[in-house]
Amino acid sequence: FQRGAVDGLNMIVPHGDPIYYRERPRIAVPEKDVLDLDGYFGLHPRLAVLKPLWDSKTLAAVHAIGSPDATRSHFDAQDYLESGTPGVKATPDGWLNRYCQHDREHQDTPFRAVAFGPQLPRILAGTAPSLAIDDLQAFGLRAPQPAARDRLTRAFEELYAGSATGLLSTSSREAFAAVQMLKRLDPGQYRPANGADYPGGRLGKALLEIAQLIKADVGLHVAFADVTGWDTHVNQGATEGQLAGRLGELGQALAAFTRDLGDGMRDIVVFTMSEFGRTVRENGSSGTDHGHATAMLVLGGPVQGGRVLGKWPGLDPAQRFEGRDVAVTTDFRDLFAELLARHLGATDLSAIFPGYTPDPARFPGAISA
C-alpha cells in the first residue's frame with residue numbers, strides 16, 4: 001500500500017502526450033529519461049530495475065484506476081480502499097479479511113494472513129484470524145532476561161494447552177502458535193537467494209520477511225505491507241527528488257523480492273495500491289495536490305504482463321475528472337476481484353465486496369482467465 005497517494009502520472013508516465021509536459025513544466029519526467037513501455041507510456045527511471053519484469057511479461061500496470069467515490073481525504077479514501085466499500089464508512093471488516101472468511105482451504109496455520117507492521121491494517125480487520133508482525137526476529141513473548149522469558153513461555157504453553165476452556169481468545173491462540181512456529185524456523189538465520197539485495201527501510205524489510213515465510217512453507221496465503229511518503233505537495237521532483245526516492249525504494253524492494261523467490265514467483269502475485277492519484281497540473285510549490293485516478297502495478301508468474309491495462313481517458317481538460325484530475329475508468333474492486341477470482345479461486349465475490357457485483361467483463365485482464 002503506497003499510503004499518501006502516489007502520483008501515477010510520474011510512476012507510469014504518459015510521455016507520448018504533450019499535455020503531460022505542458023501541465024508539468026518543472027516536475028515532468030523528461031522524455032529522454034523515461035523508460036519506454038509501449039510508445040506512449042513509460043516507467044520512471046528510478047523503476048528501471050523492474051523493466052526486465054516488463055520485458056518478460058510478468059509485470060503489468062493498470063492506469064486510470066481508483067475509487068468511484070470522489071473524496072480527496074486520505075483517511076476516507078484509504079478506508080474505502082481497504083474496506084472495499086467506497087462511500088460506506090460503517091463497514092466493520094476489510095475485504096481481504098472477508099476473503100479469508102469465505103476461503104475454507106487455508107485455515108490450518110496461524111500464518112494464513114499476515115500484515116507486516118506494528119498493527120493490523122484495516123484491510124485484514126475482521127473475524128478471520130490474522131497476524132500483525134513488525135519484526136520476525138522479535139515477534140514473540142518479550143521479557144528482559146532469558147530465564148524470565150522461558151518462564152513466561154511455559155506459562156503460556158500451559159494456558160495454550162488448556163485453551164479449549166475458552167480462556168484464550170482465537171487471536172491469542174493464533175499468535176502463540178505463530179510464536180512457537182517461528183522459534184523452530186529461526187528467522188535470524190535467513191539469507192536471501194540469487195544475490196537478492198533488499199533496500200534498507202520498512203518496505204524492503206517487510207518484503208524480505210514475506211519471502212522468508214513463503215520459503216518456510218508455513219502456509220502463508222496473503223500478506224500485506226505498506227510504505228508512506230507519497231503525499232508530494234511540495235518539491236515532488238522529476239527524475240530526482242522526493243518521489244524519485246520513494247519509487248527507487250519501491251522498485252528495488254520488488255526486484256529483490258522476485259529475485260529472491262526465483263521460480264517460486266510462478267505461483268505468486270504482488271500488486272500495489274494507493275488511495276488516489278494526484279492532479280494533472282503541478283501546483284505552485286513544485287508538487288501535486290490530491291487527485292482522483294492513479295496507477296497500480298501487478299507482477300508475478302500468473303500475470304499477463306508487458307501491457308498497460310485499463311481504458312486511458314486522456315489528459316485533455318475536457319476528459320479530466322472535475323476538470324483537474326485523471327478520470328477513473330477502472331473501479332479498484334474490478335482489479336481486486338480479478339486477482340481473488342483468477343489467482344486465488346474466490347467464487348463469492350459479492351460477499352467480499354458487498355453492494356457491488358464484480359463482472360469478469362470489467363476485469364482489466366491482469367491474470368489469465
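Some values worked out for this structure:
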{"quantity": "Candidate set: segment 340-369, residues that are touching a Pro at 6+ places or on another chain (Cβ under 9 Å) and of a type outside the set (G, A, S); chosen: the one nearest to T91 (Cα to Cα)", "calculated": "I352"}
{"quantity": "Flag if E275 is out of contact with any Asp or Glu (no Cβ under 6 Å at 6 or more places or on another chain), at pLDDT 95 or above and either within 23 Å of D17 (Cβ to Cβ) or not in a loop (DSSP other than H, G, I, E, B) (or both)", "calculated": "no"}
{"quantity": "Residue list for segment 185-216, restricted to those being at positive phi and either modelled with pLDDT under 95 or β-branched (V, I, T) (or both)", "calculated": "D186, G201"}
{"quantity": "Enumeration of residues in segment 308-329 that are part of a loop (DSSP other than H, G, I, E, B) and out of contact with any helix residue (DSSP H, G or I) (no Cβ under 9 Å at 6 or more places or on another chain)", "calculated": "K311, W312, R320, E322, V328, T329"}
{"quantity": "Tally, over segment 290-300, of residues that are part of a loop (DSSP other than H, G, I, E, B) and small (G, A, S)", "calculated": "2"}
{"quantity": "Residues of segment 264-284 that turn out to be surrounded by fewer than 24 Cβ atoms within 10 Å (Cβ to Cβ), in contact (Cβ under 8 Å) with a residue 60 or more places away in the chain, of a type outside the set (A, V, I, L, M) and touching a Gly at 6+ places or on another chain (Cβ under 9 Å), as a count", "calculated": "1"}
{"quantity": "Per-region count, segment 297-313, residues in contact with a strand residue (DSSP E or B) (Cβ under 6 Å, 6 or more places away or on another chain) and within 15 Å of D267 (Cα to Cα)", "calculated": "6"}
{"quantity": "Residue that is farthest from the chain's Cα centre (by Cα), among those in segment 203-241 that are surrounded by fewer than 19 Cβ atoms within 10 Å (Cβ to Cβ) and part of a helix (DSSP H, G or I)", "calculated": "A216"}
{"quantity": "Some residue of segment 323-338 being among the basic types (K, R), at pLDDT 95 or above and surrounded by 20 or more Cβ atoms within 10 Å (Cβ to Cβ)", "calculated": "yes"}
{"quantity": "Members of segment 235-280 found to be out of contact with any strand residue (DSSP E or B) (no Cβ under 9 Å at 6 or more places or on another chain), within 23 Å of N194 (Cα to Cα) and of a type outside the set (A, V, I, L, M), listed by number", "calculated": "G248, Q252, R259, D260, G262, D263, G264"}
{"quantity": "Close pairs (7 angstrom Cβ cut-off, 6 or more residues apart or separate chains): crowded, with 19+ Cβ neighbours inside 10 Å in segment 297-314, of a type in the set (D, E) and modelled with pLDDT of 95 or more anywhere", "calculated": "V308/D38"}
{"quantity": "Index of the failed condition, T347 passing every other in (1) surrounded by 20 or more Cβ atoms within 10 Å (Cβ to Cβ); (2) part of a loop (DSSP other than H, G, I, E, B)", "calculated": "(1)"}
{"quantity": "Residue selected from segment 69-104 under the condition closer than 17 Å to M273 by Cβ and among the aliphatic types (A, V, I, L, M), by the criterion surrounded by the fewest Cβ atoms within 10 Å (Cβ to Cβ)", "calculated": "A77"}
{"quantity": "Checklist (1) touching a residue at least 24 places away in the same chain (Cβ under 8 Å); (2) buried (at least 16 other Cβ atoms within 10 Å of the Cβ); (3) not in a loop (DSSP other than H, G, I, E, B) applied to G287, failing item", "calculated": "(3)"}
{"quantity": "Verdict on E240 being in contact (Cβ under 8 Å) with a residue 12 or more places away in the chain and among the acidic types (D, E)", "calculated": "no"}
{"quantity": "Only one of A366, A318, A361 that is out of contact with any strand residue (DSSP E or B) (no Cβ under 9 Å at 6 or more places or on another chain), of a type in the set (G, A, S) and over 25 Å from I27 (Cβ atoms)", "calculated": "A361"}
{"quantity": "Test: S286 is at pLDDT 95 or above, more than 23 Å from Y99 (Cα to Cα) and small (G, A, S)", "calculated": "yes"}
{"quantity": "Cross-chain or 6+ apart pairs with Cβ under 6 Å, segment 325-354 first and over 21 Å from T71 (Cβ atoms), then modelled with pLDDT under 95 and of a type in the set (S, T, N, Q)", "calculated": "S350/T357"}
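The values are calculated or read from the model by the stated rules, or taken from the named source; none is laboratory data. Keep in mind that this is a model prediction, so the values were computed, not measured. Neighbour counts are summed over all protein chains in view; Cβ atoms, including those assigned to glycine, are modelled from backbone coordinates with ideal geometry.
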